[in-house]
1. Long-range amide H contacts for Val106: which residues qualify at under 5 Å (H placed 1.01 Å from N, peptide plane, sequence gap of 5 or more or a different chain)?
2. If each residue of separation counts as 0.36 nm, what is the full-extension length gain between Ser119 and Asn12 once their alpha-carbon separation is subtracted?
3. For Glu179, list long-range residues whose amide hydrogen, built 1.01 Å from N in the peptide plane, is under 5 Å from its own amide hydrogen.
4. So for the chain: antiparallel DSSP bridges make up what percent, rounded to the nearest 5?
5. Can you work out the Karplus-derived ³J(HN,Hα) for every residue in region 74-86? Use 6.51 cos²θ - 1.76 cosθ + 1.60 with θ = phi - 60°, whole Hz, and x for glycine or proline.
6. Count charges around Pro138 for me, please; just the other residues with Cβ under 15 Å from its Cβ, Lys/Arg as +1, Asp/Glu as -1.
7. Note down the accessible area of Thr226, probe 1.4 Å, to the nearest 10 Å².
8. For the chain, what does the helix formula give at 222 nm: sum of -39500 (n - 2.57) over DSSP H segments with n ≥ 4, over the residue count, nearest 500 deg cm²/dmol?
Amino acid sequence: MATTSAAIAQQNSFTNQVLHGNCIEKMHEMPANSIDFILTDPPYLVNYRDRDGRTIQNDTNADWLRPAMREAYRTLKQNRLMLCFYGWTKVDEFFAAWKDAGFQPVGHIVFRKTYSSKSRFLSYRHEQAYLLAKGRPPLPKQPVADVIDMPYSGNKLHPTQKPVEPLAQLIRSFTLPGELVLDPFAGSGSSCAAASLTGRRYIGVEMDDAYFQQASERMARVHARTATGRSS
């Protein structure tokens, strides 16, 4: 899509909103080179089901993965970064999709948990994400550590809900106030909340009806807090 005045107007109408729909289609409506940072936690392709029976759409196949990463690359500005969580058992599929889109890995972060989410051969106590570059982004003045503590969010709004503070730490490191953060797999809106509470603009996309509703209501609460000068 060419960057026209209509496309820019469309982008402005998306800003500080959680959009309901397929992220591939929604990103395709955004101008190229318009996003300052992408922070996202997509399905891990593991057919996840939590103790309450909650599931995640498109967690059983990778048909969406390559087209979604191509659109993410297209919308991201040159010389900027994407932080993408992934499932370690499907790392080959994620890596192939990132490389196919044009991303280059420039870092890897382990998010250390104080609890075990699952036990098999090992007791699983971390999440992980790759830091991926489009072009040659400048180095941050104060790099974050590649091991970050991840407190338990409670998962009240989403079965894999991320806590806000570790995400806010990343947003503060890789963006400036007022810049635009995109989460194509917004879930309960943790990335959007982190962006808003650190003075950044955001666009979230969520296709699941229930999680979209949770994220929208959550962001309304965040906007109400920030409007009165309070944060969480």
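1. Leu131, Leu132, Ala133
2. Numbers: separation 107, 0.36 × 107 = 38.52 nm, distance 4.50 nm.
Gain on stretching Ser119 to Asn12: 34.0 nm.
3. Under 5 Å from the amide H of Glu179: Arg201.
4. Working: 17 of 35 bridges.
Percent antiparallel among DSSP bridges in the chain is about 50.
5. 5, 6, 6, 5, 5, 6, 10, 10, 10, 10, 10, 5, 7
6. Values: positive: Lys77, Arg80, Lys134, Arg136, Lys141; negative: Asp36, Glu179.
Spelling it out: positives minus negatives among the neighbours equals +3.
7. Here the residue's solvent-accessible area equals roughly 50 Å².
8. Only helices count here, giving -10000 deg cm²/dmol.
The values are calculated or read from the model by the stated rules, or taken from the named source; none is laboratory data. Owing to the predicted nature of the structure, the values given are computational and were not obtained by experimental measurement. Glycine gets a Cβ as well: all are built from the backbone with ideal geometry, and neighbour counts include every protein chain shown. In case anyone asks, the SASA skips ligands and DNA or RNA and just uses the protein heavy atoms, side chains included. Shrake-Rupley method; radii C 1.70, N 1.55, O 1.52, S 1.80 Å.
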